[in-house]
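Below is one structure, written out as structure tokens; the observations come after it.
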Amino acid sequence: MNWLEGYRSRELCEALTSEIRQLADQPLRFMEVCGGHTMAIRKFGIPSLLPESISLLSGPGCPVCVTGRVFIDQAIYLSGLEDTIVCTFGDLIRVQGTDASLEKARAEGKQIRIVFSSLDAVELAKRNPEKKIVFLGIGFETTAPGTAAAILRASREGLKNFSVLSAHKLMPPAMEGIISEGIPIDGYICPGHVSTITGTKMYTPIVEKFGIGCVISGFEPLDLLQSILMLTRQVVNRKPKVEIQYSRAVKPAGNPEAQKVMREVFEPADEWWRGLGILKNSGLKPKPEYGQFDTREVINLPDFREKEPRGCICGEILKGLKTPHQCKLFANTCTPANPVGACMVSSEGACQTWYTYEGKN
Amino acid sequence: MCLSIPAEVLAIQGDEAEVSVNGNRLKISLMVLKNVKPGDFVLIHSGFAIEIIDREEAEKTLEIVRLMKADKN
């Protein structure tokens, strides 16, 4: 089965852009809140296919970018404890903490392993009963079920040396946060794989409370253009609603099994977001009955303070208030090889995608 | 980070599946997805299958755009 045929068809994409051009007779600002979309939009040159009246803004949809430096500081601290091994996804390894990155700490001999799956960390715990294994739980609703599943497995196997340092975050509070800050947007291009897990229901309050349409989009050029057309139609017809464009991967009710696993293990917690501050119930932490798998419950962590690097405007970029080109550090002291802010570290960060696909100026 | 890639399910054993991603064979977990069968295409994310890809829906999405294009011509 060829997944790309059709979804990258020039003729079909042209049909969509011509329809968008006909309809978009007013300035429209749509925000994508998924790092994967940020990357796909720039990679495929989607803005160059759209009429000037449509602007696409990047939102807080890259988990690496919105996670605080304190989280990295905590992870590095843990990796320096004699009997502890920290396991992380590769995405986090180059992100700067206050003084160093996990990559640098690992080069200095700290115990840090990159894993493909949270279950690899559980395996490591089984094989090393004399060590404490800490898994860095990062990501949105797409990734959280996997972390929950790892905790369930560790619990079923009676492991006493596995825990999760959770920085898991939930999308809707940040989407509401953006609107509450008064950032003008006319529609949300909603995250595809987050919605695979959650379904459509969580976006209803955004439509009902703020009158802003939500279209769940796939990641191919045709997906993105069709989603932009659907949002444009909603604005023109003054009928904001939740729609699924990415119907091959998103069902209205989402993935019930993944939701069940998540609900079993996690409860909502207040979380700090770069650019948005602390948002109520925007994170996930293990429930008290799984407290023995919550790193913060089982290991004492020093009190680190959140401090933004000087001159870095990641926070404003993550809210769509500024573009990377407006940052003095961009392509200057902050580059993919030497990133200052997290938005330049992640291949899904607005700064790195601009650097890669839009050029330096 | 929510990157998920399509994979074809080759075999299932308990809550694990062997899948092929463009010919690369991987073991993934089925702990958060039910009713998967060999031959299904699933989306995988960080070692877990998170959804079965609906081929009919994939075709329907394209058909909507094809019809729109035909209408305009």
- Query: Are any residues in region B:1-14 of a type outside the set (S, T, N, Q) and at the interface with chain A (Cβ under 9 Å from one of its Cβ atoms), and if so, which ones?
  - Reply: B:Met1, B:Cys2, B:Leu3, B:Pro6, B:Glu8
- Message: Would you confirm, using the coordinates I've provided, whether B:Leu33 is out of contact with any Leu (no Cβ under 7 Å at 6 or more places or on another chain), at pLDDT below 95 and facing another protein chain (nearest Cβ under 9 Å)?
- Response: no
- Filter region A:101-113 down to residues that are buried (at least 16 other Cβ atoms within 10 Å of the Cβ) and not in a helix (DSSP H, G or I) and give me whichever is nearest to the chain's Cα centre (by Cα). A:Ser101
- Item | Verdict on B:Leu43 being more than 8 Å from chain A (Cβ to nearest Cβ) and in a strand (DSSP E or B) | no
- Out of the residues in region A:118-134 that are within 11 Å of chain B (Cβ to nearest Cβ) and under 19 Å from A:Ile72 (Cα atoms), state the one that is surrounded by the fewest Cβ atoms within 10 Å (Cβ to Cβ). A:Ala121
- Item | Contacts under 7 angstrom Cβ, first residue in region A:199-214 being under 18 Å from A:Ser227 (Cα atoms), partner exposed (fewer than 13 other Cβ atoms within 10 Å of the Cβ), 6 or more apart | A:Gly199/A:Pro252; A:Gly199/A:Ala253; A:Thr200/A:Pro252
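Quick one: which residue in A:Pro51, A:Pro47 is under 22 Å from the mean Cα position of the chain (by Cα), at pLDDT 95 or above and surrounded by fewer than 23 Cβ atoms within 10 Å (Cβ to Cβ)?
Just one listed residue meets the conditions, A:Pro47.
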- Task: Could you name every one of the helices (runs of 4 or more DSSP H) located completely within region A:244-340 that has at least 2 residues being within 14 Å of chain B (Cβ to nearest Cβ)?
- Result: A:256-265
- Subset of region A:86-100 [under 23 Å from A:Cys314 (Cβ atoms), in a strand (DSSP E or B) and modelled with pLDDT of 95 or more]: A:Thr88
- Item | Odd one out for A:Pro240 among (1) crowded, with 20+ Cβ neighbours inside 10 Å; (2) in contact with a helix residue (DSSP H, G or I) (Cβ under 6 Å, 6 or more places away or on another chain); (3) in contact (Cβ under 8 Å) with a residue 60 or more places away in the chain | (3)
- Enumeration of residues in region A:149-170 that are within 14 Å of another protein chain (Cβ to nearest Cβ), in contact (Cβ under 8 Å) with a residue 40 or more places away in the chain and more than 15 Å from A:Ala258 (Cβ to Cβ): A:Ala154, A:Ser155, A:Val164, A:Ala167, A:Lys169
- Test: A:Gly90 is free of Cβ contacts under 8 Å to residues at least 40 places away in the same chain and within 12 Å of another protein chain (Cβ to nearest Cβ): yes
- Message: Take B:Gly23 and tell me if it is on the phi > 0 side of the Ramachandran plot and either facing chain A (nearest Cβ under 9 Å) or modelled with pLDDT under 95 (or both).
- Response: yes
- Message: For region A:189-230, give me each residue that is in contact with a helix residue (DSSP H, G or I) (Cβ under 8 Å, 6 or more places away or on another chain), more than 13 Å from every other protein chain (Cβ to nearest Cβ) and either among the charged types (D, E, K, R) or not in a helix (DSSP H, G or I) (or both).
- Response: A:Ile189, A:Lys209, A:Ile212, A:Gly213, A:Cys214
- Give just the number: which of (1) outside any helix (DSSP H, G or I); (2) under 25 Å from A:Ile228 (Cβ atoms); (3) at pLDDT 95 or above does A:Met175 not satisfy? (1)
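The values are calculated or read from the model by the stated rules, or taken from the named source; none is laboratory data. On a predicted model such as this, the values are computed, not experimentally measured, just so you know. Heads up, the Cβs are rebuilt from the backbone with ideal geometry, glycines too, and the neighbour counts pull from every protein chain shown.
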